[in-house]
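> First the structure, then my questions, so here it is.
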Amino acid sequence: MANSTVVKLACALVMCIVVAAPLAEAAVTCGLVSSKVAPCIPYLKGGAAPTSGCCGGIKALNAAAATAADKKVACGCLKNAAAAISGIDYSKAAGLPGKCGVSIPYAISPSTNCNAIH
């Protein structure tokens, strides 16, 4: 009987590890960043104001980037995405978080050093 209990406990522990392992990975990916920032592109290319969809995405991305590692990933993804899209107004990009009521620890700029984010 004792061996059966130990085996069940070991199986339960393994299941917990298997289920929890993906949660230990970074919460932010470039796919997530792209999907959250996509509604902002018209504003960043000259639109009058960020839309509610844009600001909702910025707020969701800010909430998802909870750790320094997540913030570094988000920063790098933002830089790469901005470089790939022609016509981005970087002054609008730098001011976008503030327009959406969000504070981030770096400027959205091609010159931002994402590795310096803590």
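The values are calculated or read from the model by the stated rules, or taken from the named source; none is laboratory data. Just so we're clear, the structure is a prediction, and the values are computed from it rather than from any experiment. Neighbour counts run over all protein chains shown; Cβ positions are idealised from the backbone, glycine included. The area values use the complete protein model at the heavy-atom level, side chains included, leaving out ligands, DNA and RNA. Shrake-Rupley method; radii C 1.70, N 1.55, O 1.52, S 1.80 Å.
> Stretch Ala27-Ile41 to full length: gain in nm at 0.36 nm per residue minus the Cα-Cα span?
Working: separation 14, 0.36 × 14 = 5.04 nm, distance 2.29 nm.
Contour length minus Cα-Cα distance gives 2.7 nm.
> What distance in nm lies between label points placed 7 Å from Cα along the C-beta direction at Thr51 and Thr112?
That separation, rounded to one decimal, is 2.2 nm.
> Based only on the alpha carbon positions, what is the Kirkwood hydrodynamic radius of segment 55-118, in angstrom? Before the final figure, lay out each step's value.
Values: mean 1/r = 0.0838 Å⁻¹.
The Cα-based Kirkwood calculation yields 11.9 Å.
> Counting only protein heavy atoms and using a 1.4 Å probe, what share of the accessible area of segment 48-102 belongs to carbon plus sulfur, as a whole percent? Each step should come with its number before you reach the end.
Numbers: 1540 of 2590 Å².
Looking at segment 48-102 in its full context, I get 59 percent from C and S.
> In Å, what Kirkwood hydrodynamic radius results for segment 28-69 from the alpha-carbon pair distances? Please list the in-between numbers first.
Details: mean 1/r = 0.0943 Å⁻¹.
10.6 Å is the Kirkwood radius here.
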